[in-house]
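The structure appears right after this line, and notes come after that.
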Amino acid sequence: MISRDSLEFLMEKGYEEEVLVETEKGLFSKTRLERVQLPQIETLTVSNLTSLIDYCKNNIDDFKGDLLIQVVSPKEVKLLTPLDVDRNRQEIIRAVAILPNNVHYDSFIDTERFNIMLQSAFVNNKDKELLLKFTGLIRDEAVKDTGDDGVSQKVTIKTGVASVGEAQVPNPVSLAPYRTFPEIEQPESKFIFRMKSGPVAAIYQADGGAWRNEAMRSIKEYLEKELKDLDFIKVIS
């Protein structure tokens, strides 16, 4: 319903003959008044947490009132305004991590591509070095399954310049792919390592996605530490 103040404003502007009609049931408007929407913020996108922290510490756009940082996922963080009069939040800045795109889970690839993937997209640790050495020695012969657990395998590897031998495939392995922001320690998780004739190799995620919770908790703790002097910013995950 049109308010009395709006009617008085229209009448003061000389619109009563054009937009207002007096009837036996009261005064009606020929036009429909609609609320003007508040201006929206153009979201700034960055690729690391350092840029987000610098933005907050310098208060570049001079925001007033409390702000909220939401850790959406291991690779996405948002800085949000308080609720406006419509109970909506606006997104000020979004950090989206740039991650390697050559990581293949749950699918077999040849050992050369497997080695390249490990070297370029995984943090150095003991099990990564073990897999690199293991797949580098593999011979192009049949992979033998052993045992009834569906996990244990034996393969033929080079044991010297002119000799070969059988070796147990390492399982499970702890690996840390690059899958969150570079400022955060990459979380390790368990993988099942499998091989087939070719030779080809694959890794299967075996932690039920627990690494995501660990990564998001680490992001939250990192941001809280870096922004501890800015009490008007809260962090949730």
Verdict on Arg179 being at pLDDT 90 or above and in a loop (DSSP other than H, G, I, E, B): yes
Out of all the residues in region 30-70, which are touching a residue at least 40 places away in the same chain (Cβ under 8 Å) and in a loop (DSSP other than H, G, I, E, B)? Leu38, Gln40, Ile41, Thr43, Ser47, Asn48, Gly65, Asp66
Count - residues of region 91-125 that are under 17 Å from the mean Cα position of the chain (by Cα) and loosely packed, with under 13 Cβ neighbours inside 10 Å: 4
Residues satisfying the stated conditions in region 119-135, i.e. more than 14 Å from Pro172 (Cβ to Cβ), assigned to a helix (DSSP H, G or I), touching a residue at least 24 places away in the same chain (Cβ under 8 Å) and in contact with a helix residue (DSSP H, G or I) (Cβ under 8 Å, 6 or more places away or on another chain): Thr135
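Condition check ((1) assigned by TED's automatic domain parsing to the domain that holds Phe232; (2) under 26 Å from Gln186 (Cβ atoms)) across all residues:
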{"site": "Ile53", "(1), (2)": "yes, yes"}
{"site": "Asn58", "(1), (2)": "yes, no"}
{"site": "Leu67", "(1), (2)": "yes, no"}
{"site": "Val85", "(1), (2)": "yes, no"}
{"site": "Glu91", "(1), (2)": "yes, no"}
{"site": "Arg94", "(1), (2)": "yes, yes"}
{"site": "His104", "(1), (2)": "no, yes"}
{"site": "Gly136", "(1), (2)": "no, yes"}
Does region 19-58 hold any residues that are under 22 Å from Phe232 (Cα atoms), loosely packed, with under 10 Cβ neighbours inside 10 Å and not acidic (Asp, Glu), and which are they? Gln40, Asn58
Is there a residue in region 107-119 that is at pLDDT below 90 and among the hydrophobic types (A, V, I, L, M, F, W, C)? no
For region 82-108, pairs from a residue that is more than 22 Å from Val36 (Cβ to Cβ) to a residue that is acidic (Asp, Glu), with Cβ under 6 Å and 6 or more apart or across chains, are Val96/Glu76
Need the failing condition index for Ile157 against (1) assigned to a loop (DSSP other than H, G, I, E, B); (2) of a type in the set (A, V, I, L, M, F, W, C); (3) at pLDDT below 80, just the number. (1)
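Tell me, which residue of region 191-235 that is of a type in the set (Gly, Ala, Ser) and not in a strand (DSSP E or B) is surrounded by the most Cβ atoms within 10 Å (Cβ to Cβ)?
Let us first name the residues in region 191-235 that are of a type in the set (Gly, Ala, Ser), namely 197-198, 201-202, 206, 208-210, 215, 218.
From the residues that got through so far, the ones that are not in a strand (DSSP E or B) too are 197-198, 206, 208-210, 215, 218.
On the way: Ser197: 11, Gly198: 14, Ala206: 13, Gly208: 9, Gly209: 8, Ala210: 12, Ala215: 24, Ser218: 20.
Going through the qualifying residues, I end up with Ala215.
The values are calculated or read from the model by the stated rules, or taken from the named source; none is laboratory data. Predicted, not measured: the structure shown is a model, and the values here were computed from it. Heads up, the Cβs are rebuilt from the backbone with ideal geometry, glycines too, and the neighbour counts pull from every protein chain shown.
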